[in-house]
1. Could you compute the FRET efficiency for E72 and T117, with r as their C-beta to C-beta distance and R0 at 22 Å, rounded to 0.05?
2. Considering all alpha-carbon pairs of region 139-184, what whole percent are spaced by more than 12 angstrom?
3. Set Lys and Arg Cβ to +1 and Asp and Glu Cβ to -1, take the dipole of region 103-184 about its Cα centre, and tell me which of I127, A112, P143 lies farthest positive.
4. Find how many whole Å separate the alpha carbon centroid of region 34-49 from the alpha carbon centroid of region 93-153.
5. Suppose every Lys and Arg Cβ carries +1 and every Asp and Glu Cβ carries -1, with no other charges. What dipole size does region 33-163 come out with about its Cα centre, to the nearest 20 debye?
Amino acid sequence: MPRMSTTLLATALACWATASVHAQSKEILGEHRTINATVETVDTGARRIVLRTQSGELRTVRVPDQATRLSEIKPGDAVTATYYDNIVLRMKPANEPDVDTRTIGITRGTGARPGGTTATQQAMTVIIDAIDLNVPSISFRGPRGWNYQTKVQDRDALQRLRVGDRVDIVWTEATLVSVARPAK
């Protein structure tokens, strides 16, 4: 299941005791959302499934090539997808080299019905581009033209940061999917 669009980092921002403690890190819990839907159509050739959410919205989902049980999914099947993400931030010491890695993993379900987990973990060094204490919000820029802005709940932590600070981010996203036959 492809990565869902989401607003990330909505619950908090890093909290560092002092600027001299560079290795201190903070985990930021992001979104955790479960979607229940019904399979409308399955196109095994294009590896696409059209799902109808509980609100009636249709969503087309591309199924990764590693998912081997696509042919077992039928119209009417119930799909549950749980998406979550979290981020760990760490102030970057001045002499430490930048990081920029991305790892993608897929685990197939072992049950009687198709399912599995896709996960992406990305580690990168970013620069704080802007801080707005009125909103409050923060903006980052990183490798490959990556830019990100988010609201922040922890104003005190935000006040300890400065535009231009280097920060390592380890960002993990995962989607867990299960498929069940419709209840009769």
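1. In this case the efficiency is close to 0.80.
2. 79
3. Most positive-ward Cα: A112.
4. Computed from Cα coordinates, the inter-centre distance equals 27 Å.
5. So the dipole magnitude of region 33-163 works out to roughly 120 debye.
Values quoted throughout were computed directly from the atomic coordinates according to the rules given, and no laboratory measurement underlies them. None of the values given here were measured: they were computed from a predicted structure. Here the Cβ is made from the backbone with ideal geometry for all residues, glycine too, and neighbour counts use every protein chain on show.
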